[in-house]
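To keep things clear, I will list the structure first and then write my remarks on it.
The values are calculated or read from the model by the stated rules, or taken from the named source; none is laboratory data. Just so we're clear, the structure is a prediction, and the values are computed from it rather than from any experiment. Counting neighbours? That spans all protein chains shown, and the Cβs are built from the backbone with ideal geometry, glycine included. Just the protein is used for accessible areas: all its heavy atoms, side chains included, with ligands, DNA and RNA removed. Shrake-Rupley method; radii C 1.70, N 1.55, O 1.52, S 1.80 Å.
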Amino acid sequence: MVTITFITLYYLEELYPYIRALHVLAAALWLGESIIVNFVIYPALRRNPNEIKRLHILAIYRRLFNMTTMSVIITLLTGAFLLVYYTKGNLLLLQESSLGRTLIITSAIGFLLLILHVFEKKSIIKLKKKHRTKELDTEKFLIGLKWVSRVTVLGLTIAFLIMLNAVNPML
């Protein structure tokens, strides 16, 4: 049993840099996809009165949203792994250091943004159902999209800045 634990820890130490890189990459993708929605998709939907073009842009948005979902899942799973690895399974250790408290704050931001992402997914599902029944109200959807994308960009930017400062404090 001790040998298995030692081997497992050895492999985890070998995988740690890759998992951390994957975590940062997935979080950066999540932020980038949110920026695309905020500065490309939303204005294109807002300024385009042609319903057919709007539906085409919404189809692109749904695909981008699915990629964002993958980024969110990868970010949160790798983040959970990194937290457990960092604390060796005792998450109460996070309270004892400034880096640990930073990890608690950024994890909370990540989970709140996950909840926001789930609500956004529900609104996309409702939009698809309404499109099938010809009761499509894109204006209401656009208002929600505007605020969800802005809050997501703001939350992820804050999380990135907090983590950058925790890892390499500003003078």
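Overview of values
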quantity	calculated
Scope the stretch 38-85; condition in contact with a Leu (Cβ under 7 Å, 6 or more places away or on another chain) and within 17 Å of R20 (Cβ to Cβ); matching residues	S71, I74, L76, T78, L83, Y85
Subset of the stretch 61-77 [open to solvent by less than 30 Å² (accessible area, probe 1.4 Å), aliphatic (A, V, I, L, M) and within 10 Å of the chain's Cα centre (by Cα)]	V72
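Here is a yes/no grid of residues against (1) touching a helix residue (DSSP H, G or I) at 6+ places or on another chain (Cβ under 7 Å); (2) at pLDDT 80 or above; (3) loosely packed, with under 11 Cβ neighbours inside 10 Å:
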{"residue": "E120", "(1), (2), (3)": "yes, yes, no"}
{"residue": "K128", "(1), (2), (3)": "no, no, no"}
{"residue": "K134", "(1), (2), (3)": "no, no, yes"}
{"residue": "V153", "(1), (2), (3)": "yes, yes, no"}
{"residue": "A159", "(1), (2), (3)": "yes, yes, no"}
{"residue": "L164", "(1), (2), (3)": "no, yes, no"}
{"residue": "V167", "(1), (2), (3)": "no, no, yes"}
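Residues checked against (1) crowded, with 17+ Cβ neighbours inside 10 Å; (2) β-branched (V, I, T); (3) modelled with pLDDT of 90 or more; (4) touching a Phe, Trp or Tyr at 6+ places or on another chain (Cβ under 9 Å):
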| residue | (1), (2), (3), (4) |
| --- | --- |
| H23 | yes, no, yes, yes |
| A27 | yes, no, yes, yes |
| I35 | no, yes, yes, no |
| P43 | no, no, no, no |
| R46 | no, no, no, no |
| P49 | no, no, no, no |
| R54 | yes, no, no, no |
| L58 | yes, no, no, yes |
